[in-house]
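One structure is given below, encoded as structure tokens.
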Amino acid sequence: MATPVAGYLSLVSGPRRTPRYDHHLACLLILVAGMLNSAGFVAVAVYTSHMTGLTATMADHLVDRDVALLSLGAVGLSAFVLGGIWCALLFNWGRRRGLGCRFANVLAFEGVLILAFGLTAEAVQGEHRDLVRVAVLCFTMGMQNALITKVSDIPVRTTHVTGMVTDIAIELGKMLYPNRTPGPDPVRADLRRLRMLSGLVGLFFLGGVAGTLGYLAVGFSFLVPVALLLLLLAYRPVARDLARRRRTRVFL
């Protein structure tokens, strides 16, 4: 019999989506994004989830003819795009086959990637060390950012908060609007949306604090528990599909 915890994990990463579990998944992913983003900046002075800033930085380095930093930005941007492509390929592969683990597959892959990176990143030496770190972190961010677009219509991206802060400002503006003139369509703030977005921005901030403290304390190995959490979240749907496949082979 499934425990309440196992049932919850199945719902958060399973194929049947609800607004509640979409929100829970977004909370986890944005917390992880904050950790990776801040740790990446402390390690290599690059915000690995901020493609707007990275693109602008590439333009600056192109004008300055700084080939090394231009290459770092190009690797990061390319890796982010490849991460999004890989998420789409992996997700649609599962969707086309009717797999319940189509979301969990992406989480599992991210968990394995972060686990391997957390265990080996500090051992990577040489002149290309920063390129490797930026490539892995940006790939992970691209994959994670693409995943949340597949989950639901939640108007967020888990790797950056600019849009969410803008939406928060809009809702605050609605809240402050006096509605002094009569009319059929008064201005009303969406308080539920405001709470949700504020909470997500707060989680990104907390993830950034945790990522900085974790990296300064033990290096990238602080990501190992994060990776294990992602793998735990993905386990139930993946295990269920594997068991179903084994049963099908036995009957055939």
Could you give the distance between the Cα centres of region 97-134 and region 58-90, to the whole Å? 17 Å
Rounded to whole Hz, the Karplus (6.51, -1.76, 1.60) HN-Hα couplings of region 197-207, x for glycine and proline: 5, 5, x, 5, 5, x, 5, 4, 5, 4, x
The chain: calculated mean residue ellipticity at 222 nm from DSSP helix runs of at least 4, using -39500 (n - 2.57): -27000 deg cm²/dmol
Roughly how far apart, in whole Å, are the Cα centres of region 1-48 and region 169-244? 9 Å
FRET efficiency for Thr149 and Glu127, Cβ-Cβ distance as r, R0 = 41 Å, nearest 0.05? 0.70
When all alpha-carbon pairs of the chain are counted, what percent fall beyond 33 Å? 27 percent
Label zone at Val224 (point 7 Å along Cα-to-Cβ), backbone N below 13 Å, region 102-124: 115-123
What is the percent carbon and sulfur in the accessible area of the chain, measuring with a 1.4 Å probe over the protein chains and ignoring ligands? 65 percent
Could you sort 113-119, 59-65 so that the peptide with the highest average Cβ count within 10 Å comes first and the rest follow in order? 113-119, 59-65
Could you tell me what % of all Cα pairs in region 30-129 have separations over 19 Å? 54 percent
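The values are calculated or read from the model by the stated rules, or taken from the named source; none is laboratory data. These numbers were taken from a predicted model, which means no experiment stands behind them. FYI the Cβ positions are ideal-geometry reconstructions off the backbone, even for glycines, and counts take in every protein chain you see. Only protein heavy atoms, including side chains, enter the accessible area calculation; ligands, DNA and RNA are left aside. Shrake-Rupley method; radii C 1.70, N 1.55, O 1.52, S 1.80 Å.
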